[in-house]
1. Go through the stretch 225-240 and report how many residues are surrounded by fewer than 24 Cβ atoms within 10 Å (Cβ to Cβ) and assigned to a loop (DSSP other than H, G, I, E, B).
2. Pick from the stretch 450-469 the residues that are in a strand (DSSP E or B) and of a type in the set (S, T, N, Q): which of them is surrounded by the fewest Cβ atoms within 10 Å (Cβ to Cβ)?
3. Out of all the residues in the stretch 72-82, is one or more open to solvent by less than 60 Å² (accessible area, probe 1.4 Å) and modelled with pLDDT under 95?
4. Does G275 satisfy the criteria of being out of contact with any strand residue (DSSP E or B) (no Cβ under 7 Å at 6 or more places or on another chain), part of a loop (DSSP other than H, G, I, E, B) and either without any contact (Cβ under 8 Å) to a residue 60 or more places away in the chain or crowded, with 20+ Cβ neighbours inside 10 Å (or both)?
5. Considering the stretch 496-550 alone, what residues qualify as being in contact (Cβ under 8 Å) with a residue 24 or more places away in the chain, of a type in the set (V, I, T) and part of a strand (DSSP E or B)?
6. Pick from the stretch 485-494 the residues that are assigned to a strand (DSSP E or B) and open to solvent by less than 70 Å² (accessible area, probe 1.4 Å): which of them is modelled with the highest pLDDT?
7. At least 3 residues that are buried (at least 21 other Cβ atoms within 10 Å of the Cβ) in each: list the strands (runs of 3 or more DSSP E) lying fully within the stretch 169-217 that qualify.
8. Filter the stretch 399-436 for residues that are among the hydroxyl-bearing types (S, T, Y) and either without any contact (Cβ under 8 Å) to a residue 60 or more places away in the chain or under 25 Å from L464 (Cβ atoms) (or both) and give the result.
Amino acid sequence: MGSTRARWGRRAVTALLGVTVLAAGSLVASGSAAANAPGRPGTPSAPTTVFTEDFENGQGPAVTSLPDYTGAAPAAETYTADPAWLTACNGLLVSQQAPAAPPAGVYCGSYWAQNKQMASALGTWSGGDAATNHSLTAYTSADPGAGRTELETVQPIPLSADHRFLTFSVDAAAQNCFASHPLLAFYLLDGGTARAAFSSPIDPCQNPGAVIGGTSVGTYASNGSVLFTGDSAGIRLVNEQASGGGNDGAIDNVRLLDATPQLDQGFAPAQLPVGAPSTLTFTVTNTSELAAKDGWSFNAQLPAGLRLADDSATTDCGTATATADAGHGTVTVHGDLAAGQQDCTATVRVTSINGGTYQVCASAISDPVGVDLPGCTSVTFTAPVFDARSNGARLTAPPLTIGPLVPSAHTCTSLPGDDRHSVISAALGSVGTLGVLTTDASGAVDTDGARTAAAHAKATGLNLLSGLITADVVGTSAQARQALTDTGPGTVTATGSTTLTNLRVAGAAVAANAAPNTTIALPLVGSLVINQQTSVAGGKGITVTALSLTLLTGVHVTVAQSTAALLLSTDPCPAT
């Protein structure tokens, strides 16, 4: 009951479970719901105001009963309440400019001035005109009973989107907080069904934003929300306080809020070698009133080329579930945000055996329920670069150069592929002749991600220096292979070999299994290196040449040369 009891001076309580006090003027937007901007995971944004009622439409000094009031266009909302909240100094729209005496029949007794004081304090708190601000007051000169409706919308409020989290805020004032406190509980009306948007009623005596002239005031948001699927909603405000001994308060600026959390996504690390694991983190960030958000969900479809680890999905989102389907490349998350919780995350591990940049945007999210769509994120997997080259023969005799003859190359790319060529015969000027030349070069990626660069070269019918060097067949093979480990590409293993069939030098037979870099001196002519093997790019590959002939005249001839290497993207690209 309102009274002239001594005002109770107290400092604001620093925290109260289930009640959030917002700064004055922090929720002043109006209009249809709009998505919060992505890109700030973990930093709550303000909810969007869908509907607001400030009780100012057409008001002046006169006092208006709640059922006689019509809100501003276009909603032109009207209101009702239980009879207990429309009698005994309740259910009145009052301002400081109201007459000095209460209207007849409202039973406010000697407490009329306090009703005007609360409207004035709420005007000051919201940054309005303290002299003309109207609020809905209730000074309870009788016991109203618990669970009675203090305010309810009559016309449904249209909504512009579905599967949104809706909640409420209100500017509230209270006096006589040493006695019973008002306990304001918001419900969202889905047709004839009332759905609670709170777990603890708002108590304006607790943690006020300010105390103005003995009146506690603040902007309070419900600590719960409703995941709403309908196209219109109603508002019901119930006062859970049964007693009229105290329970003296006023409300203003009732707001229906779209408090849908924001979904963000990001890879870490965002650049790494193929085969190494990157963590894709989905962050669901609450709105700034920090109401509970239960039952949101989404599916994410990863782009082709990214591989999910089946058992890698984890989450800290309340009673959430997170699953990763490696076969379909999908991630499914269902979760909750508790009251007061700023954000939560779900993570999965991904990798790729193919180099490239993979982007995930809002279009990858399907069936979003209760989340705003994210922006784009990307991850780059750097693949080893294939360097596979071969040629049948080459002659360098400055200023004359012949060849390389029948070259094949698959190089300076991380993509698999192959190249191969052949000719029936070839000539090296006065140095000699060759029969059939065949070459190939390739890069391959196995299903387990292992990469192989390979090259082969072969020459038949060899006759150099008028029969000084002859062979039926000489050929080479070079290979560089790199397996994937749990952390990315492993060590490159480079191998090479030479095939020699009936090779003769100055009439002497050369063993088919000649050791690498076998050198034979050719008196008065030059020298010949057989099965020449040279490391490439610091051990990341090998070059094998069947015959490397250097003449005293400066002429240099190579026959059947193959190179295979797996290079880093920072290594120089070799000439082909």
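1. 4
2. Within the stretch 450-469, the match that is surrounded by the fewest Cβ atoms within 10 Å (Cβ to Cβ) is N463.
3. Yes, that holds for at least one residue.
4. Spelling it out, it is not the case that G275 is out of contact with any strand residue (DSSP E or B) (no Cβ under 7 Å at 6 or more places or on another chain), part of a loop (DSSP other than H, G, I, E, B) and either without any contact (Cβ under 8 Å) to a residue 60 or more places away in the chain or crowded, with 20+ Cβ neighbours inside 10 Å (or both).
5. T498, T499, T501, V505, I530, V536, I542, T543, V544, T545, T550 - these are the residues of the stretch 496-550 that are in contact (Cβ under 8 Å) with a residue 24 or more places away in the chain, of a type in the set (V, I, T) and part of a strand (DSSP E or B).
6. A494
7. Those strands (runs of 3 or more DSSP E) span 184-190.
8. The first filter runs over the stretch 399-436 and keeps only residues among the hydroxyl-bearing types (S, T, Y), leaving 401, 408, 411, 413-414, 422, 425, 430, 433.
T401, S408, T413, S422, S425, S430, T433 - these are the residues of the stretch 399-436 that are among the hydroxyl-bearing types (S, T, Y) and either without any contact (Cβ under 8 Å) to a residue 60 or more places away in the chain or under 25 Å from L464 (Cβ atoms) (or both).
The values are calculated or read from the model by the stated rules, or taken from the named source; none is laboratory data. Fair warning: this is a prediction, and the values are worked out from it, not measured in the lab. Neighbour counts run over all protein chains shown; Cβ positions are idealised from the backbone, glycine included. Accessible surface areas use protein heavy atoms only, side chains included; no ligands, DNA or RNA. Shrake-Rupley method; radii C 1.70, N 1.55, O 1.52, S 1.80 Å.
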